[in-house]
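The values are calculated or read from the model by the stated rules, or taken from the named source; none is laboratory data. Please read all numbers here as calculations on a predicted model, not as lab measurements. Note that we place each Cβ from the backbone using ideal geometry, even for glycine, and neighbour counts take in every protein chain shown. SASA here: full protein model, heavy atoms, side chains in, ligands and nucleic acids out. Shrake-Rupley method; radii C 1.70, N 1.55, O 1.52, S 1.80 Å.
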Amino acid sequence: MDWLYRISLISGPLPVILTVLGVLGGVWLLGSSVRWYYRRAVPIAGLIALVIMIAVWITVEKVIVPFPDPIEMSIYVWIGLGIYALLLLGPRIKAGGTIAKAVLSVVATVLVIVTAATQINLVFAAYPTVGIAFGHDDFDRISLSEVPGPTDPVVTGDPTDTVWKAPEGMPIRGRVTTLPVPGTISGFSARDAQVYLPPSYFTNPRPLLPVLVLMAGQPGKPEDWLQGGKLTATMDAFARDHEGLAPVVVIADGTGSQMANPLCTDSSQGKVGTYLAKDLPAAVANAFQIDTNPRAWAIGGLSYGGTCSLQMATNYPDVYPTFLDLSGQVEPSLGDRQRTVDEIFGGDEAAFVKVNPMDLLATRKFPNSGGVFVVGTDDNEFKPGQQKVYEAAKAAGMDARYLELPGGHSFSVWSAGVEQELAWISQRMGLIS
């Protein structure tokens, strides 16, 4: 079954085949010659689907605004088409009049819905393969109790690769485990972190490795980086090129739940800043044998996680002197500044300014900090903000880099951003020369 699991859902023939089948399904659903069906059922169902689509758009984008990032209109259109197909199913079965045509109508409806899901997935690239779409891990997972304990001695160097040589018997791939990270100091209730341990971690003696903290977007979960982000493949490839060396990657929860948006700061919504700056490093250092020197720690994330990484780098530069901002916002936001100040900071504008990265970059210098700003060439919503923040970071004395990659606001950009900038980050953390 491995060949099936490896089939791509975002490139190659399968998305094209599914789209063609979906179009054929749509033709069948619209194609009955029964007069009442094409005169009444088809337009009425279309109108209802349009009203539902518009209502969902208004609710999500204008009323509750649950996400910091606007959703592309094409997503709503595809959702509307899926609803349209479902609304047509009953009338189409009735108009068909036979069991065979009823079965064909069900199949046609499923094909339209699958096509809509495929097109939405092409926007976000959240499920790159069939295996990931069906929950099949393409990496080695172990329990926390199976992770080898500390070795004595450890291999250290500056940089590490100058004193390290991979021993015989070292695994060829890294492994992933789950780490509960309680909010001991912050009180923040977070979902478990996912931790990638590179091949060299499973040697004796082992090198003292740096730590890269990654965060997902909102809505999102830590597992997103393992699924749509193909993180293990990126890290394993880097390790193969560097004698098994790679950072330990901790995919942390920066929101608390799929839909929550606490804006990565200490507020009435939860002390996320304290959680990421204190609770997380302490839990990681307690569970794994890693380099605890702040120089060896970096933080990054996509979208909300990118904004959060810059917040942590500017509010806690001694904890995270290196960061990776992938398609982040120009400032943390619930949709607009006034709503953000009112709901997160109790209407206190000064409290927002005190922790807002752009304000901190304008009033402080960060000569020991460095980071990368990555954005898609087609991400017109976030590209101007990324350019603005990059210029502010340079002006504040940061060792800042800016990178545009083909694509929009999706994992096709974020995964490539990690892959291309991992060497630079590893150099800053003292892993490679």
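In this structure, Ala393 qualifies as touching a helix residue (DSSP H, G or I) at 6+ places or on another chain (Cβ under 7 Å), over 18 Å from Gly228 (Cβ atoms) and small (Gly, Ala, Ser).
Set side by side, the residues Pro182, Pro205, Pro153, Pro222 differ, and just one is closer than 17 Å to Ala277 by Cα and not basic (Lys, Arg), which is Pro182.
Rundown of residues vs (1) small (Gly, Ala, Ser); (2) closer than 13 Å to Leu326 by Cα; (3) crowded, with 17+ Cβ neighbours inside 10 Å; (4) modelled with pLDDT under 95, yes/no style:
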site	(1), (2), (3), (4)
Val375	no, yes, yes, no
Gln386	no, yes, yes, no
Ala395	yes, no, no, no
Met398	no, no, yes, no
Ser410	yes, yes, yes, yes
Ser415	yes, yes, yes, no
Gln420	no, yes, no, no
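Looking across segment 69-93 at every residue that is modelled with pLDDT under 95 and open to solvent by 40 Å² or more (accessible area, probe 1.4 Å), the one that is nearest to Asn261 (Cα to Cα) is identified as Pro70.
Right, Asn368: over 21 Å from Ser268 (Cα atoms), free of Cβ contacts under 8 Å to residues at least 12 places away in the same chain, of a type outside the set (Asp, Glu) and open to solvent by 10 Å² or more (accessible area, probe 1.4 Å) or not?
no
For segment 304-317, the condition holds for at least one residue, the condition being that it is of a type in the set (S, T, N, Q), closer than 26 Å to Gly407 by Cα and free of Cβ contacts under 8 Å to residues at least 60 places away in the same chain.
State yes or no: is Arg141 among the basic types (Lys, Arg) and over 21 Å from Phe238 (Cβ atoms)? For Arg141, the condition - among the basic types (Lys, Arg) and over 21 Å from Phe238 (Cβ atoms) - is not met. Scoring Pro66 on the criteria (1) more than 22 Å from Phe411 (Cα to Cα); (2) surrounded by 14 or more Cβ atoms within 10 Å (Cβ to Cβ) leaves a single failure, condition (1). Scanning segment 353-369 for residues being among the hydroxyl-bearing types (Ser, Thr, Tyr) and within 26 Å of the chain's Cα centre (by Cα) gives a total of 1.
Between Leu334, Leu361, the distinction of being farther than 25 Å from Val63 by Cβ and in contact with a Ser or Thr (Cβ under 7 Å, 6 or more places away or on another chain) belongs to Leu361 only.
Every condition in (1) out of contact with any helix residue (DSSP H, G or I) (no Cβ under 8 Å at 6 or more places or on another chain); (2) buried (at least 17 other Cβ atoms within 10 Å of the Cβ) holds for Pro15 except the one numbered (1). Scanning segment 319-342 for residues that are open to solvent by 70 Å² or more (accessible area, probe 1.4 Å) and under 25 Å from the mean Cα position of the chain (by Cα) yields Asp336, Arg337. For segment 107-124, check the following and say yes or no: at least one residue is open to solvent by 70 Å² or more (accessible area, probe 1.4 Å) and among the hydroxyl-bearing types (Ser, Thr, Tyr). Within segment 107-124 (the criterion being open to solvent by 70 Å² or more (accessible area, probe 1.4 Å) and among the hydroxyl-bearing types (Ser, Thr, Tyr)), the answer is no, since none of the residues qualifies.
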